[in-house]
Amino acid sequence: MPREYSRRRLLASTGLLASGLALGSAAGAPAGTADELPLRWNRAYAESTVNNVVATVESGDQYVALGQTGSQSSLVGWLFGLDPTTGEQRWSVPVRNDDLDTQPAFLAAESTGDGGAVLAAAATGTGVVHLVRTDPEGSVRWWRQYDPGADGGTLLPQDVVSVDGGYLVGGYRVVGQSATAFTIQVDADGAEQSRSTYFEDRTSTVLGLLPREDGFVAAGELREQASGDEQPPVRGNLFRVGADGSVGWQRTLTAPFDGETGQSQLRDVVPVDGGYLTVGLAIGPSRSTFQGWGVATDASGVEQAKRRIAPQPATVVTDATVTPDGITVVGQSLESINSQTGAGFVAELGPDVEPRWVQRFAPDNINSFATVLGSGDGGVVAGGATRPGSQNADPRSRGWLLKLGGESAPDAPTTIETQTATPTPTRAPPTEITPSTPTPTASPTPTASPTPMLTPTPTPTDSATPTDAGTDGPTPTDTDGPETPGPGTGTSSDGGPGFGVGAAAAALGASALWYRTRADDE
């Protein structure tokens, strides 16, 4: 069924020191006493040399996973269906269109409820957004594209959710050294209904969307325009848009670290009783360490509680979902910013961001979760990629999914097992890609505006200590997130929008560690 809350692939980044508010033992803050969910199955999937998973949805009687597969120089979208109780792959298809000169990078997915999915992709060469509707076996029903409009630039979609009989895509448009948050609303057939931009007087992004009955809530980043040579810090941005498209409220949120020069990002937002819980990345003032963080707010976005989320000293939080017991977050944790190994982690939080439990998984050298799904049977499904240490390994990386809680199957593998399926014969997409002419919509003017900020793209540092997973997974899975380049925008932390590395990694469901390792291969 279509999710009611946002889910997000990933960010990539750096910068933040462990704190006493950390989850687990890394910084001395013990997790709570809630029972951990049992591991139901643990699998890796590979169709080619490079494979990864960036989004997973529950649709009909199956889970549908979206990722990318191919060689290190040529990647295409990859969609496959799974049995919910065993994780066994039912079918697998590439998502590509031979009418395109360059295949787009698929970044987000939403359930259609009938076994199919709607997929969002970026095309950095042309700047357009691609939206693709598939059936329960991955066949393409329609393929639409939405151009950047008269102002040009590159549209980078970051999330897609179901709204009002159609879909809402959110992301940001990069033009030169500037980035602006946008949303595009389409009907059930992909025809564009409206589009809006937000905070055009500042640098802004939308990274996660939460649909509401009368609009939506968005999480992202905001940064004031530079004054002279100094760039203001990036801050977390949470805002509410009503049914009429106007911004009802906007809050700038800052991660809990000392100093005024740190950077904060909000990656996703989910509903809690009486308000919202939003999570993201915090980069310390020295930009030498990074950690996840979360903020609980009331129904108007006013901060009620916040704390770091750090199963280990260096942590990236990539996604969040609501479960019957609380909020589950996933990502990657490292022993230090110099670690050359990393674990994927799953953690449960209470509505005030209080830690309950955390489980780490390290079947290979480099492991990371990019997406989490709250399953209808009460379990959670985490997806990402895992990669062995050897640069000569083939595959270089594998898509990775595991399930905690929910229905169990006695014969399902709980130590990682790789499945290489015979792909279902490729189905050709519709004979033509239908372009959608943008419907001019006045850009909403925010009613409130605290201190803004933008997406920091710190220079990833890495190298050193391995991280053991809570559940040992033997066979290495790969984490060679796609080689699809990010937008051709600057990544400097002190000039330019700073989206380059972050957007590329987000597109791949990667982390700072993964990104650096990939760079070493090139």
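The values are calculated or read from the model by the stated rules, or taken from the named source; none is laboratory data. Note that the structure is a prediction, hence the values are computed from the model and not measured. With ideal geometry, Cβ positions are generated from the backbone for all residues, glycine too; neighbour counts draw on all protein chains shown. The accessibility values were calculated without ligands, DNA or RNA, using every heavy atom of the protein model including side chains. Shrake-Rupley method; radii C 1.70, N 1.55, O 1.52, S 1.80 Å.
Counting only C-alpha contacts under 8 Å and six or more residues apart, can you give the relative contact order of the range 78-232 as a whole percent?
Numbers: 358 pairs, mean separation 20.0, N = 155.
That works out to 13 percent.
Take the Cα of D187, step 7 Å toward its Cβ, do the same at E36, and the gap between the two points is 5.0 nm.
Counting Lys and Arg as +1 and Asp and Glu as -1, each charge on the Cβ, what is the dipole of the range 49-196 about the Cα centre in debye, to the nearest 20?
380
Remark: the range 178-191, residue by residue, has Karplus-estimated 3J(HN,Hα) of 10, 9, 9, 5, 9, 9, 10, 9, 10, 8, 5, 9, x, 6 Hz, where x stands for each Gly or Pro and the curve is 6.51 cos²θ - 1.76 cosθ + 1.60 at θ = phi - 60°.
Taking every pair of alpha-carbon atoms in the range 61-175, what share in percent sits in each 10 Å bin, from 0 to the bin with the longest distance? Each 10 Å bin holds this share of Cα pairs: 14, 45, 32, 8, 1.
Leaving out ligands, DNA and RNA, what percent of the accessible area of the range 64-142 is carbon and sulfur, probe 1.4 Å?
Details: 920 of 2290 Å².
The value for the range 64-142 is 40 percent carbon and sulfur by accessible area.
Couplings 3J(HN,Hα) for the range 81-86, derived from phi with the Karplus relation 6.51 cos²θ - 1.76 cosθ + 1.60 (θ = phi - 60°), are x, 10, 6, x, 8, 10 Hz, where x marks Gly and Pro.
Give me the number: length gained by fully extending D411 to D83, i.e. 0.36 nm times residue separation minus the C-alpha to C-alpha distance, one decimal in nm. Provide the component values of the computation, followed by the final result.
Working: separation 328, 0.36 × 328 = 118.08 nm, distance 1.28 nm.
Answer, rounded to one decimal: 116.8 nm.
Residues whose amide H falls under 5 Å from that of V234, counting only those 5 or more places apart or on a different chain, are S264, L454, with hydrogens built in the peptide plane. Net charge of the neighbourhood of G378, taken over other residues with C-beta under 13 Å away and scored Lys/Arg +1, Asp/Glu -1, is -4.
Could you sort the peptides 272-282, 158-168 by per-residue average Cβ neighbour count (10 Å cutoff), highest mean leading?
Working: 272-282: 24.4, 158-168: 21.6.
Result, highest mean first: 272-282, 158-168.
Sort 300-313, 184-197 by the packing proxy (mean of other Cβ within 10 Å over each peptide's residues), most packed first. Could you put the intermediate results ahead of the total?
Values: 300-313: 21.9, 184-197: 17.8.
Taking the mean over residues of other Cβ atoms within 10 Å, the ranking is 300-313, 184-197.
Rolling a 1.4 angstrom probe over the range 300-375 with all protein chains present gives an accessible area of which 38% lies on carbon and sulfur atoms. Computed from the C-beta positions of D147 and S246 and an R0 of 41 Å, the FRET efficiency is 0.95 to the nearest 0.05.
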